[in-house]
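Here is the structure we will look at.
The values are calculated or read from the model by the stated rules, or taken from the named source; none is laboratory data. In this text, all values refer to a predicted model and were calculated from it rather than measured experimentally. Reconstructed Cβ throughout: ideal geometry from the backbone, glycine too, with neighbour counts over all protein chains shown. Just so you know, the surface numbers come from the protein's heavy atoms only, side chains and all, with ligands and any DNA or RNA stripped out. Shrake-Rupley method; radii C 1.70, N 1.55, O 1.52, S 1.80 Å.
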Amino acid sequence: MEKNNTMRGLFFASFGAMSWGISGVCSQYLFMNYELDSAWLTAIRMLLSGIVLLIISTIKNKEGKNNILKIWTQPKDLSWLLAFAILGLLMCQYTFVSAIKYSDSATATVLQSLNVVIMIVFMSIVTKTKMKISQVIAVFLAVFGTYLISTGGNPRNMTISPAGLIFGLLSATGVITYTLFSRPIISKWGNILVTGWGMLIGGLVISIITKAWIIPEDLDFTAWLMIAVIIIVGTAGGFSAFLEGVKHIGPVKATLIGCLEPASATLLASIFLGMRFTLVELAGFFCILLTVYLSVKDKSKE
């Protein structure tokens, strides 16, 4: 049973990470071809994905509508939900989309992947345990792999604006906060319900601040198709799948597996957006996949 739960967690965490890669490339396409504000795109993707997830949760649960509202009657769980929605999901979503706008999808995912190092060190401090050799090696490979992908082995090749750098680092922090804040309530309420409310709350907050109901005029069918993929695959599907993985394998392993995101984003960007990668970047892919292998091999419990 434990092995099945581990494999289930690994599958969902991997699916979530690759879904984010797809979403990042779609977002980059939109910013390349349309006049879009990152706050508007964040609001739309969070609002609509939140509604989709809550509908799914209602259909799956026999108790119906009353059950999805029950979390609002529990003060402690509601506090965790609000923190998860605003300090976790909203922060991660907005800063990541902004990082793509001011750089590109590959660079944004590379910067976001720095959460691997922060997460492992943080959990080591909190649990007062030393990192295993496999974890240290995995951290090194994750950082080195993302470095190769983003620079091709030459640090002078990575040109990024200050805004892109700041938003990228903030998105890494957002990954950690939503991963940690989700655990106390997902085990009780389920990842679909929690993620749905988190997306909807975060989307409402940023919509009010940015007046997201004002829709850009130049959006055509292709643009709305990209937005649909971002909402269904990259947001609703990606986040709920990743948090399902967290529930089964814990935050450290799930965060390491999240390193699949920059590999998938870079590969898809090269295919669909004309970006090219070298043998050095392929070596980066290998390093990241090896990181995933090490996280799977390490059977220790956090």
Over the range 31-41, the set of residues assigned to a helix (DSSP H, G or I) and surrounded by fewer than 23 Cβ atoms within 10 Å (Cβ to Cβ) is PHE31, MET32, ASN33, SER38, ALA39, TRP40
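Residue by residue, here is whether (1) over 11 Å from LEU193 (Cβ atoms); (2) without any contact (Cβ under 8 Å) to a residue 60 or more places away in the chain; (3) among the small types (Gly, Ala, Ser); (4) not in a helix (DSSP H, G or I) holds:
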residue: LEU48; (1), (2), (3), (4): yes, no, no, no
residue: VAL52; (1), (2), (3), (4): yes, no, no, no
residue: LEU69; (1), (2), (3), (4): no, yes, no, no
residue: LEU81; (1), (2), (3), (4): no, no, no, no
residue: LEU87; (1), (2), (3), (4): yes, no, no, no
residue: CYS92; (1), (2), (3), (4): yes, no, no, no
Selection within the range 253-289 - part of a helix (DSSP H, G or I) and under 14 Å from the mean Cα position of the chain (by Cα):
ALA254, THR255, LEU256, ILE257, LEU260, GLU261, PRO262, ALA263, SER264, ALA265
So which residues in the range 174-206 are among the polar types (S, T, N, Q) and either touching a Ser or Thr at 6+ places or on another chain (Cβ under 8 Å) or open to solvent by less than 10 Å² (accessible area, probe 1.4 Å) (or both)?
THR179, SER182, ASN191, THR195
Search the range 100-127 for residues that are at pLDDT below 80 and pair each with any residue that is open to solvent by 10 Å² or more (accessible area, probe 1.4 Å) and of a type in the set (Asp, Glu) when their beta-carbon atoms are under 8 Å apart and the residues are at least 6 apart or on different chains.
MET123/GLU302
When the residues of the range 106-128 are narrowed to those that are out of contact with any Leu (no Cβ under 9 Å at 6 or more places or on another chain) and assigned to a loop (DSSP other than H, G, I, E, B), which ends up least open to solvent (accessible area, probe 1.4 Å)?
SER113
Suppose we keep only residues that are of a type in the set (A, V, I, L, M, F, W, C), closer than 17 Å to GLY238 by Cα and more than 13 Å from the chain's Cα centre (by Cα) within the range 7-30. Which one would you say is most open to solvent (accessible area, probe 1.4 Å)?
PHE11
